[in-house]
Amino acid sequence: MNNFSELCTVVVPTFFPGDEILNNLNSIPSSIKILIIDNSYNISLKEKLLKYNNCNYYNIGDVGLGKTFNFALSKIKTPYVLLTQPDVILKENCIENLMKGIQKYKGSGMVVPIVYDNKSYSKYDFYDLKYSKKKKEFMMKKNKEILSAPLGDFCVDAVNATTMMISVDALKTIKGWDENYYVYLEDIDICLRLKLNQYSIIKIADAKVDHIGWSSHFNEIRDTMNVSRIWHFTWSSLYFESKFCRKSIVLKKLIKIIFFSVIKLILNLVILRLSKVKQNLIKLSACFAFISKRGSYFRVKHKVDNN
């Protein structure tokens, strides 16, 4: 299969990526068009991309992943899009085998590779949501940890956006990505909406990627990124459940987060564990932002050397 450029466009969202992004780009066949959608103000990134003739760079500001993916969708002319991340390396024939899979399984809206974290099979490779549309609740149970990668293709409920090949028609059918998500759970959201619209999500056993965890951003912003992660994961969790679950379930989750955050805040204040105090204050801030419907964006000032 040698007509990749006519069938698939690769999208890589970035936010102060380190040099690991070069390993990602080098693992993608040079014949395939790549859209780099940058949310940062990283001066050196565009310069690093000059040697890649297949890369188109767009800086759209710090708008979050939902808007980033929809911006990319508006630029794509191919029937499929491959979304991947700066800290992911695609193994040999990954895109080719994903392409074969999405064309083989006619009802699939998305096909995804087997994910390894730092060369070990990832325990976050896929999720069983067990969602009841009738009851409007998730009946999730903890799965037994799978220690080795499955040998054949199989259906899943949801996956992280580590790497996913999606039908552009399927994305347009479900009206694209939810732009209310800044980060976190936008990938689970898109998977669930595909499933609810009768599209399958298939794991392709012969397609593999290696995710190099905690390496998608500059080391200089790791602390501020952790603050941002805590806030946005809390907000996104509440928003996600508010979309798909009964109000009573969302209220219960909200009260639980506030209650335990207050208790932990007080205890850590007593023993002067100020970093933990800060974390719980961040969670409470996210809860109150959700209650007041202020939106999902929490601005953190990152100190970065762009040279």
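I'd like to know if the range 75-88 contains one or more residues that are surrounded by fewer than 21 Cβ atoms within 10 Å (Cβ to Cβ) and free of Cβ contacts under 8 Å to residues at least 40 places away in the same chain.
no
Conditions (1) in contact with a Phe, Trp or Tyr (Cβ under 8 Å, 6 or more places away or on another chain); (2) part of a helix (DSSP H, G or I), marked per residue:
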| residue | (1), (2) |
| --- | --- |
| LEU49 | yes, yes |
| PHE71 | yes, yes |
| LEU83 | yes, no |
| GLU96 | yes, yes |
| MET99 | yes, yes |
| ILE102 | yes, yes |
| LYS106 | no, no |
| VAL111 | yes, no |
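Select from the range 22-47 the residues that are modelled with pLDDT of 95 or more and in contact with an Asp or Glu (Cβ under 8 Å, 6 or more places away or on another chain) and list them in ascending order.
Listed by number, the list holds a single entry, ASN24.
Taking the options ASP169, ASP178, ASP189, name whichever one is farther than 20 Å from THR68 by Cβ and modelled with pLDDT of 95 or more. Walk me through how you get there before you give the answer.
Details: ASP178 fails: farther than 20 Å from THR68 by Cβ; ASP189 fails: farther than 20 Å from THR68 by Cβ.
Among ASP169, ASP178, ASP189, only ASP169 is farther than 20 Å from THR68 by Cβ and modelled with pLDDT of 95 or more.
Taking the stated definitions as given, is GLU92 surrounded by fewer than 20 Cβ atoms within 10 Å (Cβ to Cβ), more than 27 Å from TYR182 (Cα to Cα) and in contact with a helix residue (DSSP H, G or I) (Cβ under 8 Å, 6 or more places away or on another chain)? Outline the logic, then answer.
Values: surrounded by fewer than 20 Cβ atoms within 10 Å (Cβ to Cβ): yes; more than 27 Å from TYR182 (Cα to Cα): yes; in contact with a helix residue (DSSP H, G or I) (Cβ under 8 Å, 6 or more places away or on another chain): no.
When the stated conditions are applied, GLU92 does not pass them.
Quick check: is even one residue across the range 173-194 assigned to a helix (DSSP H, G or I) and over 30 Å from LYS77 (Cβ atoms)? Step through it out loud before you land on a result.
Within the range 173-194, the first condition is being assigned to a helix (DSSP H, G or I), and the residues that meet it are 173, 186-194.
Restricting the remaining residues to those that are over 30 Å from LYS77 (Cβ atoms) gives none.
Taking every residue of the range 173-194 in turn, none turns out to be assigned to a helix (DSSP H, G or I) and over 30 Å from LYS77 (Cβ atoms).
Mind counting the residues in the range 252-285 that are among the charged types (D, E, K, R), in contact with a Lys or Arg (Cβ under 9 Å, 6 or more places away or on another chain) and surrounded by fewer than 16 Cβ atoms within 10 Å (Cβ to Cβ)?
1
Can you tell me which residues in the range 98-116 are surrounded by 16 or more Cβ atoms within 10 Å (Cβ to Cβ) and either over 16 Å from GLU6 (Cα atoms) or without any contact (Cβ under 8 Å) to a residue 40 or more places away in the chain (or both)?
Filtering the range 98-116 for residues surrounded by 16 or more Cβ atoms within 10 Å (Cβ to Cβ) gives 98-102, 105, 108-116.
Scanning the range 98-116 gives GLY101, TYR105, SER108, GLY109, MET110, VAL111, VAL112, PRO113, ILE114, VAL115, TYR116.
Pick from ILE28, ILE21, ILE32, ILE89: which is under 25 Å from ARG229 (Cβ atoms) and not in a helix (DSSP H, G or I)?
Numbers: ILE28 fails: under 25 Å from ARG229 (Cβ atoms); ILE21 fails: not in a helix (DSSP H, G or I); ILE32 fails: under 25 Å from ARG229 (Cβ atoms).
None of the other options fit; the residue is ILE89.
Of the numbered conditions (1) at pLDDT below 95; (2) surrounded by fewer than 18 Cβ atoms within 10 Å (Cβ to Cβ); (3) under 19 Å from the mean Cα position of the chain (by Cα), LYS243 satisfies every one except a single condition; which is it?
Only one criterion in (1) at pLDDT below 95; (2) surrounded by fewer than 18 Cβ atoms within 10 Å (Cβ to Cβ); (3) under 19 Å from the mean Cα position of the chain (by Cα) is unmet by LYS243, namely (1).
Any residue at all in the range 82-92 that's assigned by TED's automatic domain parsing to the domain that holds ILE202 and under 23 Å from GLN198 (Cβ atoms)?
Taking the range 82-92 as the starting set, the residues that turn out to be assigned by TED's automatic domain parsing to the domain that holds ILE202 are 82-92.
Subsequent filtering for residues that are under 23 Å from GLN198 (Cβ atoms) retains 82-83.
Yes, there is a match, as at least one residue in the range 82-92 is assigned by TED's automatic domain parsing to the domain that holds ILE202 and under 23 Å from GLN198 (Cβ atoms).
For the range 120-136, check the following and say yes or no: at least one residue is assigned by TED's automatic domain parsing to the domain that holds TYR181, surrounded by 19 or more Cβ atoms within 10 Å (Cβ to Cβ) and among the aliphatic types (A, V, I, L, M).
no
So which residues in the range 51-68 are without any contact (Cβ under 8 Å) to a residue 60 or more places away in the chain and either basic (Lys, Arg) or in a strand (DSSP E or B) (or both)?
LYS51, CYS55, ASN56, TYR57, TYR58, ASN59
The values are calculated or read from the model by the stated rules, or taken from the named source; none is laboratory data. This is a predicted model, so every value here is computed, not measured. Note that we place each Cβ from the backbone using ideal geometry, even for glycine, and neighbour counts take in every protein chain shown.
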